[in-house]
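These notes concern the structure reproduced below.
The values are calculated or read from the model by the stated rules, or taken from the named source; none is laboratory data. Keep in mind that this is a model prediction, so the values were computed, not measured. Cβ: placed from backbone, ideal geometry, glycine included. Neighbour counts: every protein chain shown. Keep in mind that these areas ignore ligands, DNA and RNA; they rest on the heavy atoms of the full protein, side chains included. Shrake-Rupley method; radii C 1.70, N 1.55, O 1.52, S 1.80 Å.
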Amino acid sequence: MRDPDPGRLGIGWTLLFGLSLAAATYGMVLSLLGGPGQRVPGVDDPYPDALGAAGYAVTLLQVPVLLWGWWLLVARRTPAQLRSVALPMLPALALTLQELAEIVSNAVYGRPQDLPDLLVYGGGVVFMAGFLGYVLWFTTRKAPAPRR
């Protein structure tokens, strides 16, 4: 049996992506409610143990990422290619931005950095943002005019 609308997600995928976006949104709201002075786990003296304003600003980058994810989930005319690639990656990008906020805060306060964290989270943000930008560009560009 053919799917009448190939651009729509099935009920199971919609539920799965909705739950992952809800979990990422819940984590983002909790971290934003803490404000710029929230504690960073695992920080030892003599370093400040708070997430600074720069780290909080990076945390705020999760807002447009998750809003785009919710829009992709509920929008009717979203290209199927964009939806199938972006929806799994957007919650991961939001969580990676949360970790990157800690790295930025560590850099601002002069706390020691963990090299594997820098490579994994910093590289992950760059890769996912670039990949999602490419997918968005690819799926929204106009098709070339047919040749005669």
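If I take R0 = 41 Å and measure r between the Cβ atoms of residue 33 and residue 142 in this structure, what FRET efficiency does the formula 1/(1 + (r/R0)^6) give, to the nearest 0.05?
Details: r = 42 Å, r/R0 = 1.04.
The value I calculate is 0.45.
With +1 on each Lys and Arg Cβ and -1 on each Asp and Glu Cβ, and nothing else charged, work out how big the dipole of region 6-140 is about its Cα centre, in Debye to the nearest 20. Don't skip to the answer; put the middle values down first.
Details: 6 positive and 7 negative charges, 181 e Å.
Value, rounded to 20: 860 debye.
Mind checking which of 16, 127, 139 is farthest towards the positive end of the chain's charge dipole, using Cβ charges of +1 (Lys, Arg) and -1 (Asp, Glu) about the Cα centre?
Positive-most Cα among the choices belongs to 139.
So what is the relative contact order for the chain, in percent, with contacts set as C-alpha pairs under 8 Å and at least six apart?
Numbers: 137 pairs, mean separation 38.0, N = 148.
Relative contact order for the chain comes out at 26 percent.
Taking the simple approach of a point 7 Å from Cα along Cα-to-Cβ for both residue 81 and residue 14, what is their distance in nm?
Spacing of the two 7 Å Cα→Cβ label points: 2.4 nm.
List every residue whose amide H lies under 5 Å from the amide H of residue 50, counting only residues 5 or more places away in sequence or on a different chain, with H placed 1.01 Å from N in the peptide plane.
Residues meeting the amide H criterion: 40.
At a 1.4 Å probe radius, which order do 51, 15 fall into by accessible area, largest first? Write out the running numbers ahead of the final one.
Details: 51 10, 15 110 Å².
From most exposed to least exposed: 15, 51.
Give the Kirkwood hydrodynamic radius (Å, one decimal) of region 6-140, defined as one over the mean of 1/r across all pairs of different Cα atoms. Each step should come with its number before you reach the end.
Values: mean 1/r = 0.0630 Å⁻¹.
Value: 15.9 Å, from the Cα pair sum.
Starting from the 7 Å offset along Cα-to-Cβ, what nm value, one decimal, do you get for the label separation of residue 26 and residue 129?
Label at residue 26, label at residue 129, 2.8 nm between them.
Using the Cα centre of the chain as origin and beta-carbon charges of +1 (Lys, Arg) and -1 (Asp, Glu), tell me which of 61, 74, 25 is placed farthest towards the positive end of the dipole.
74
May I ask you to order 109-116, 53-60 by the average number of other C-beta atoms within 10 Å around their residues, highest value first? Provide the component values of the computation, followed by the final result.
Working: 109-116: 12.0, 53-60: 18.0.
Packing order, densest peptide first, comes out as 53-60, 109-116.
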